[in-house]
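Below is one structure, written out as structure tokens, with a few remarks after it.
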Amino acid sequence: MYRIIGADGREYGPITADVLRQWIREKRANAQSRVMVEGATEWVQLGTIAEFAADLGTQSGGGTAFVSAGPTDSSLGTAILERNPQFSVMSCLSRGWALVRDNFWLTVGVTALIVVVVWAAGFVPILGPLLLNYVLLGGLDWMFLKLVRGQPAELNDAFVGFGPMFVPLMLFSLVGQILTTLGYALCILPGIYLTVVWMLFPALLILDKGMEFWPAMELSRKVAQRHFWPLLGLVCLTFLLILGGLIALLIGFFVAMPIATAAIVYAYEDLFGSVKAETATPAPQAPGEGVP
């Protein structure tokens, strides 16, 4: 019996090996899908289980067995880097406003809750913010991404970071914040650069594409460098938007913050999202969805 993590970051199962083989044939699971064998304590990639090597080889067109984590992340990165996406700062902001307007109470309410929890984590000496900030903010981004894609979203989606992807999110939160802070300490400009290329998208790459934290940071850097000035403009405008919300008796912050979050998530979708997860990650249709 096996448990498996779907593309939505949720756990499905237990299921039999035969059901898992069927999901492989349907391209709802692949070599990088995370599974746990019954009785085990650690999640592993499906491609590392020899029992499914032939099935995964068939899915990929009869190649040599299965793909390990490194090459899979590499193939996903190649597929994304080969694209030439259209990206507009004002389009991201306008679509972000429309998304918040159409889902006002969910987006504003959940954003306010996450902000409060992040603030509360700040009272845990040193490690609280370093380890948890992007576990929480990544979950918030995930909820917004579901809305961007027209999928049903709820409060629980904002806490998906505390599921199976907790460790890579925690490592990204720790490493990303430390390195970016060092950049600001050494000179403000490196800190700004690292904020743009490292801090905007890795959490979503981890949750959406199933990547480990360092490949996610590197892929984010490579893509963001190609669109650095528009992304810097987006960061500056969202910062001014949030600052304006704070000045407006603090109340405006709770509207400005979700708009800024939605704009960043739309930027992610424009730059990364259209590369389907079956190229290297759990299939777009979550395992278990629509299965009797």
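The values are calculated or read from the model by the stated rules, or taken from the named source; none is laboratory data. Since the structure is predicted, the reported quantities are computational estimates derived from the model, not experimental observations. Methodologically, a virtual Cβ is constructed for each residue, glycine included, from the backbone with ideal geometry; neighbour enumeration extends over all protein chains shown.
Of all residue pairs spaced 6 or more apart or on separate chains, none has beta-carbon atoms under 8 Å together with a first member in the stretch 174-191 that is on the phi > 0 side of the Ramachandran plot and a second member that is modelled with pLDDT of 95 or more. State whether one or more residues within the stretch 86-100 are assigned to a helix (DSSP H, G or I), at pLDDT below 95, of a type in the set (Gly, Ala, Ser) and more than 20 Å from residue 255 (Cα to Cα). Scanning the stretch 86-100, I find no residue that is assigned to a helix (DSSP H, G or I), at pLDDT below 95, of a type in the set (Gly, Ala, Ser) and more than 20 Å from residue 255 (Cα to Cα), so the answer is no. Could you tell me whether the stretch 173-180 includes any residue that is crowded, with 23+ Cβ neighbours inside 10 Å and of a type outside the set (S, T, N, Q)? Looking for residues that are crowded, with 23+ Cβ neighbours inside 10 Å and of a type outside the set (S, T, N, Q), one finds at least one in the stretch 173-180, hence yes. Of all residues in the stretch 225-270, those that are surrounded by fewer than 23 Cβ atoms within 10 Å (Cβ to Cβ) and in contact with a Lys or Arg (Cβ under 8 Å, 6 or more places away or on another chain) total 1. The residues on offer are 105, 142, and the sole one that is surrounded by 14 or more Cβ atoms within 10 Å (Cβ to Cβ), hydrophobic (A, V, I, L, M, F, W, C) and in the same structural domain as residue 222 (by TED's automatic domain parsing) is 142.
May I ask you to list the residues in the stretch 6-20 that are assigned to a strand (DSSP E or B) and either modelled with pLDDT of 85 or more or of a type in the set (Gly, Ala, Ser) (or both)? Talk me through it step by step, then tell me what you get.
Residues of the stretch 6-20 that are assigned to a strand (DSSP E or B), as a first pass: 11-15.
Once the filter is applied, which keeps residues that are assigned to a strand (DSSP E or B) and either modelled with pLDDT of 85 or more or of a type in the set (Gly, Ala, Ser) (or both), the stretch 6-20 yields 13, 15.
Taking the criterion of being without any contact (Cβ under 8 Å) to a residue 40 or more places away in the chain, in a helix (DSSP H, G or I) and farther than 15 Å from residue 261 by Cβ, the residues of the stretch 117-134 that qualify are 119, 120, 121, 127, 128. Going through (1) at pLDDT below 80; (2) closer than 24 Å to residue 225 by Cβ; (3) touching a Leu at 6+ places or on another chain (Cβ under 6 Å) one by one, residue 66 falls short only on (2). Against the definition (under 11 Å from the mean Cα position of the chain (by Cα), aliphatic (A, V, I, L, M) and modelled with pLDDT of 95 or more), how does residue 143 come out, yes or no? So residue 143 passes the test.
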